[in-house]
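*Asks:* Provided herewith is a single structure, encoded as structure tokens, for subsequent inquiry.
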Amino acid sequence: MKFTGRVWVFGDDVDTDQIIPARYLTTSDPEALARHCMEDADPSFPEKVREGDIIVAGRNFGSGSSSEHAPIAIKAAGVACVVAESFARIFFRNAFNMALPIFVCEGLYKKLKDGDIIHVDGDKGEITIEGGGERFTVAPIPPFMQGLIQDGGLMAYVKKRFVSPKVNVG
Amino acid sequence: MGKTLTQKILEDHCDEKDLVPGQIVQCRVDIALGNDVTAPLAIKAFEDLGVKEVFDKEKVVLVPDHFVPNKDIAAATQVKVMREFARRYDVKNYFEVGQMGIEHALLPEKGLVTAGDVVIGADSHTCTYGALGAFATGVGSTDLAAVMATGQCWFRVPETMRFIYYGKLQPWVSGKDLILHTIGDIGVDGALYRAMEFTGEAISALSMDGRFTMANMAIEAGAKNGIFEVDDATQAYLKGRAKNPPRIYHPDKDAEYVEVQEYDVGKIGPQVAFPSLPGNVHPVEEAEDTPIDQVVIGSCTNGRLSDLREVAGILRGKRVHPYVRLIIFPATQEIYLNALREGILEVFVEAGAAVSTPTCGPCLGGHMGILAEGERALATTNRNFPGRMGHPKSEVYLSSPAVAAASAIRGKITHPAQIVGKEEI
């Protein structure tokens, strides 16, 4: 997995209410959610984000709610991947289950400003900033979770391994 | 090497032995829960899978509680999806308005969760059931869909942090103050991916309601789950209530803990989390005289009967400050009925409080008490993120029910002893 994109930089503890405010959770329509993506952290984000952009943040990205509306909103807004110092656990899990690429990378976000371009190489496990020589290491993904991505997310995984006559496939 | 509570429960729910932290296991799930925000997405994923039945009609629990009674047409549509799914797949535990409650108060009350269970819920505060000695954790809708189909869920076996509370609680100090203090100490990601095991003499002396409050907020420290050992209080709570027999585990004496934190509770007074993180915790004295526009008492954290009794004890014969809207949400219909019978609701109304039917409502800025720009609330809920209760430029402070009640009377954040102590002298 490789991505090159323009970054939007956020700080620590960006919670799910900032990613998609709970007042919009009466729908799960991706396009409707994308219109409010990151609105409470940066009200102009839904207007300025473009297909292929990358969100870069500090510690504990995605803390708070278990709602998948947060990764859905990010995906539907066109964001290619999210890079953070660390992720809250339910967001981390949801991202893999729904095949939103996320990367744990320490030391990167403080060196970036909005609009910088980065190159993310998930296969090599490194990130570089365009115009800079420094390489940042991406934390390795556990083999089981790589398998989830290879299968195409949790539902595809479940279909492949669990759905059998014993659970009465329709 | 010995095992922690969480390791033992997970081990008894999977086909592997001698689990170690970091290992990924497929576990059998005893209860799978969804609400009106998360279940509709799970239902869509479940139906896309083409499975004919849910894995167990008794073990899937659906509770519309976030935007009910339906706040608008979109919310009504979400609940309709749940209701129709429950009827079509004969899901036994669907709780309609009028019989429902906030999910994490309702499931223990109905006896749907017992000690030793593995519970997943598509709601982050599913960790509440750790108070009963269960392994309970929040997941997303896709996980819920997978469990509804297969009865199984993947987990990374967490490291465990042990929290030991010594001594005797001071007056006006509750489970809420202990957990706020703890989150303030370790930070909002201080237990990230880990299990929090709560123990010590102060925990043994804590009511079940106090334990539910503590386990409920484990997620606010980033934890996977919070868990308590089963003792006489747990057994008394489960007796005559739990639909299945408890399975009781104790951590081994040589269990491996990644970290041990110890607290002398005699040194902990009422706590308040300042905006805009649950870890931004200070003693109530540091917040005193902060004016507030709204007080919210209730939620899956602090909407139980003992919470309401404590609030009534402070409000009885007094009036809510004219500049404050006090909104009280009993967490379930049963709690509402008991509060009614005990005369508690009368105390609330006479004091000038609005009493609501059970709903998550304002806690997540959903409905029933939204804040305008620049307004400030004190709430017994669990989160005070930016804009959590309304406008992005509104503020939420978090406290115990006692501090919330005292503050509603004075119109400013107040130590309960300032109200009750003054009267008694």
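The values are calculated or read from the model by the stated rules, or taken from the named source; none is laboratory data. Not measured: the values here are computed from a predicted model. Note: ideal-geometry Cβ built from the backbone for every residue, glycine included; neighbour counts use all protein chains shown. We work out accessible area using only protein heavy atoms, side chains counted, and drop any ligands, DNA or RNA first. Shrake-Rupley method; radii C 1.70, N 1.55, O 1.52, S 1.80 Å.
*Asks:* If you scan region A:147-158, which residues turn out to be open to solvent by 40 Å² or more (accessible area, probe 1.4 Å) and either facing chain B (nearest Cβ under 8 Å) or of a type in the set (A, V, I, L, M) (or both)?
*Replies:* Residue satisfying the conditions is A:149 alone.
*Asks:* Any residue at all in region B:266-286 that's over 30 Å from residue B:375 (Cβ atoms) and surrounded by fewer than 21 Cβ atoms within 10 Å (Cβ to Cβ)?
*Replies:* Yes, region B:266-286 has at least one match.
*Asks:* Which residues, taken from region B:366-404, are part of a loop (DSSP other than H, G, I, E, B), more than 14 Å from chain A (Cβ to nearest Cβ) and open to solvent by 10 Å² or more (accessible area, probe 1.4 Å)?
*Replies:* Across region B:366-404, the qualifying residues are B:374, B:375.
*Asks:* Can you tell me which of (1) open to solvent by 20 Å² or more (accessible area, probe 1.4 Å); (2) within 13 Å of the chain's Cα centre (by Cα); (3) of a type in the set (A, V, I, L, M) is the one residue A:117 doesn't meet?
*Replies:* Condition (2) is where residue A:117 drops out.
*Asks:* Let me ask something else about it. So which of B:117, B:143 is surrounded by fewer than 24 Cβ atoms within 10 Å (Cβ to Cβ), in contact with a helix residue (DSSP H, G or I) (Cβ under 8 Å, 6 or more places away or on another chain), acidic (Asp, Glu) and under 24 Å from residue B:5 (Cα atoms)?
*Replies:* Only one candidate qualifies: B:117.
*Asks:* Could I ask something else about it? Filtering region A:55-78 down to residues that are aliphatic (A, V, I, L, M) and open to solvent by less than 10 Å² (accessible area, probe 1.4 Å), which residue is nearest to the other protein chains (Cβ to nearest Cβ)?
*Replies:* A:70
*Asks:* Taking only pairs six or more apart or across chains, which ones have beta-carbon atoms under 7 Å, a first residue in region A:106-130 that is at pLDDT 95 or above, and a second residue that is open to solvent by 40 Å² or more (accessible area, probe 1.4 Å) and assigned to a helix (DSSP H, G or I)?
*Replies:* Within 7 Å, the pairs are A:129/A:111.
*Asks:* Search region B:171-222 for residues being among the polar types (S, T, N, Q) and surrounded by fewer than 23 Cβ atoms within 10 Å (Cβ to Cβ), and hand back the single one that is nearest to the other protein chains (Cβ to nearest Cβ).
*Replies:* Among those residues, the one meeting the criterion is B:199.
*Asks:* Of all helices (runs of 4 or more DSSP H) completely enclosed by region B:1-117, which ones contain at least 1 residues that are under 29 Å from residue B:337 (Cα atoms)?
*Replies:* By residue number, B:39-49, B:73-88, B:103-109.
*Asks:* Another one. Quick one: what pairs do we get from region A:90-103, first residue β-branched (Val, Ile, Thr), second in a strand (DSSP E or B) and open to solvent by less than 10 Å² (accessible area, probe 1.4 Å), C-beta under 8 Å, 6+ apart or different chains?
*Replies:* Going by the 8 Å Cβ cut-off, the qualifying pairs are A:90/B:138; A:102/A:81; A:102/A:82; A:102/A:83; A:102/A:84; A:102/A:87.
*Asks:* If residue B:233 satisfies all but one of (1) within 19 Å of the chain's Cα centre (by Cα); (2) crowded, with 23+ Cβ neighbours inside 10 Å, what's the number of the condition it fails?
*Replies:* Only one criterion in (1) within 19 Å of the chain's Cα centre (by Cα); (2) crowded, with 23+ Cβ neighbours inside 10 Å is unmet by residue B:233, namely (2).
*Asks:* Of all residues in region B:53-73 being out of contact with any helix residue (DSSP H, G or I) (no Cβ under 6 Å at 6 or more places or on another chain) and more than 9 Å from chain A (Cβ to nearest Cβ), which is most open to solvent (accessible area, probe 1.4 Å)?
*Replies:* Among those that are out of contact with any helix residue (DSSP H, G or I) (no Cβ under 6 Å at 6 or more places or on another chain) and more than 9 Å from chain A (Cβ to nearest Cβ), it is B:58.
*Asks:* Something else now. If you go through region B:304-327, how many residues are open to solvent by less than 50 Å² (accessible area, probe 1.4 Å) and over 19 Å from residue B:210 (Cβ atoms)?
*Replies:* Of the residues in region B:304-327, 6 are open to solvent by less than 50 Å² (accessible area, probe 1.4 Å) and over 19 Å from residue B:210 (Cβ atoms).
*Asks:* Here's a follow-up. Out of curiosity, is residue B:383 farther than 30 Å from residue A:13 by Cβ and either assigned by TED's automatic domain parsing to the domain that holds residue B:276 or of a type in the set (A, V, I, L, M) (or both)?
*Replies:* no
*Asks:* Let me ask you something else. Please find, among B:156, B:162, B:87, B:83, the residue that is within 14 Å of another protein chain (Cβ to nearest Cβ) and either open to solvent by 10 Å² or more (accessible area, probe 1.4 Å) or of a type in the set (S, T, N, Q) (or both).
*Replies:* None of the others qualify; the one that does is B:156.
*Asks:* Quick check: anything in region A:136-146 closer than 30 Å to residue B:52 by Cα, outside the structural domain of residue A:34 (by TED's automatic domain parsing) and either loosely packed, with under 15 Cβ neighbours inside 10 Å or of a type in the set (Val, Ile, Thr) (or both)?
*Replies:* yes
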